[in-house]
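Comments concern the structure below.
The values are calculated or read from the model by the stated rules, or taken from the named source; none is laboratory data. Remember, predicted model here, so these are calculated numbers, not experimental data. When we count neighbours, we look across all protein chains shown, and the Cβ atoms used for this are built from the backbone with ideal geometry, even at glycine.
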Amino acid sequence: MVNNNKTHLIHDRNARGHTQIGWLDSYHTFSFGSFYDPNRIGFRSLRVINDDRVVPGAGFSTHGHRDMEILTYVLEGAVEHKDSLGNGSVIRPGEAQIMSAGTGITHSEYNSSQTDPVHFLQIWILPNQQGIKPRYEQKAFPQEEKRGKLRLIAAKDGRDGAVTIYQDVDLYTSILEPGDVVNYHVQPDRYAWLQMAKGVAILNGEEIRAGDGVQLNGEEKLEISTNIGAEILLFDLG
């Protein structure tokens, strides 16, 4: 759906790819695996936004990546991460983990609970340089820093306590409750992508729901609010 008065395009949640196997229920914003849509190859440096739900005790066994910035953002539950650098951690809501695959890394991701499901977003971003030394970084961002405001959680310069990402991307998150309003100005020489993680929001008068993505192709002033509650991710892209 295109709003002719604006520079944004809403990618409907119901047009995403879908993979469902015994332990995994995953929706793909961009082409991934067996899902291919020539209109959904990615946007700027964004290549993957997968909305994953994993049953208790299951997960992605050890597999490899190269030359990709991989960000894990947990919405509910917890993800247990292990990689070939010797890192092992549990990622919980309010935390962001970035893994630079660089020259090559293997890792696994499991639901750390034997009783509760986990719901998380996995985001792949093309790096601005190839062949870097693989690295891993994880930080916690208190919920109060995101309530009713945009909190920077990933940036190329790692400012304001964000994790560092090797690409010209600023990633903000916000948790909105009824009555909250956040504003953001996409600059004329920038692009942006708004991903609805949870709930229902109103973007410049248009309703967007969990799973929707909004592609912003140039300068636009954003006003985001909610009547029932929402959690959003906003990518400011070069």
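State the number of residues belonging to segment 164-212 that are crowded, with 18+ Cβ neighbours inside 10 Å, among the aromatic types (Phe, Trp, Tyr) and more than 23 Å from His18 (Cα to Cα).
Qualifying residue count, segment 164-212: 3.
Mind checking whether some residue in segment 107-119 is touching a residue at least 12 places away in the same chain (Cβ under 8 Å), of a type outside the set (Ser, Thr, Tyr), farther than 25 Å from His28 by Cα and part of a loop (DSSP other than H, G, I, E, B)?
yes
Please tell me if Gly158 is of a type in the set (Gly, Ala, Ser), more than 21 Å from Val90 (Cβ to Cβ) and under 18 Å from the mean Cα position of the chain (by Cα).
Yes, satisfied.
Pairs only if they're at least six apart or on different chains, beta carbon under 6 angstrom, first in segment 168-183 and charged (D, E, K, R), second in a strand (DSSP E or B) and surrounded by fewer than 16 Cβ atoms within 10 Å (Cβ to Cβ); list them, first residue then second.
Close Cβ pairs satisfying both conditions: Glu177/Gly229.
What strands (runs of 3 or more DSSP E) completely inside segment 14-101 contain at least 3 residues that are surrounded by fewer than 17 Cβ atoms within 10 Å (Cβ to Cβ)?
Hits in segment 14-101: 17-20, 59-65, 88-91.
Taking Asp160 and the conditions (1) surrounded by 19 or more Cβ atoms within 10 Å (Cβ to Cβ); (2) closer than 19 Å to Leu234 by Cβ; (3) of a type in the set (Asp, Glu), which numbered condition does it fall short on, given that it satisfies the others?
(1)
Can you find a residue in segment 167-181 that is assigned to a loop (DSSP other than H, G, I, E, B), in contact with a Ser or Thr (Cβ under 9 Å, 6 or more places away or on another chain) and within 17 Å of Asp236 (Cβ to Cβ)? Walk me through how you get there before you give the answer.
Just the residues of segment 167-181 that are assigned to a loop (DSSP other than H, G, I, E, B), to begin with: 167-168, 177-180.
Still in the list and also in contact with a Ser or Thr (Cβ under 9 Å, 6 or more places away or on another chain): 167-168, 177-180.
Then drop every residue that is not within 17 Å of Asp236 (Cβ to Cβ), which leaves 167-168.
The answer is yes; a qualifying residue exists.
Among the candidates Gly199, Gly218, Gly211, Gly131, single out the residue that is touching a Pro at 6+ places or on another chain (Cβ under 7 Å) and either within 30 Å of Pro56 (Cβ to Cβ) or at pLDDT below 95 (or both). Explain how you work it out, then say what you get.
Details: Gly199 fails: touching a Pro at 6+ places or on another chain (Cβ under 7 Å); Gly211 fails: touching a Pro at 6+ places or on another chain (Cβ under 7 Å); Gly131 fails: touching a Pro at 6+ places or on another chain (Cβ under 7 Å).
Only one candidate qualifies: Gly218.
Within the set of pairs 6+ apart or on separate chains, which have a first residue in segment 43-58 that is without any contact (Cβ under 8 Å) to a residue 60 or more places away in the chain, a second that is in a strand (DSSP E or B), and C-beta atoms under 8 Å apart?
Cβ pairs passing all conditions: Gly57/Tyr110; Gly57/Asn111; Ala58/Leu24; Ala58/Tyr110; Ala58/Asn111.
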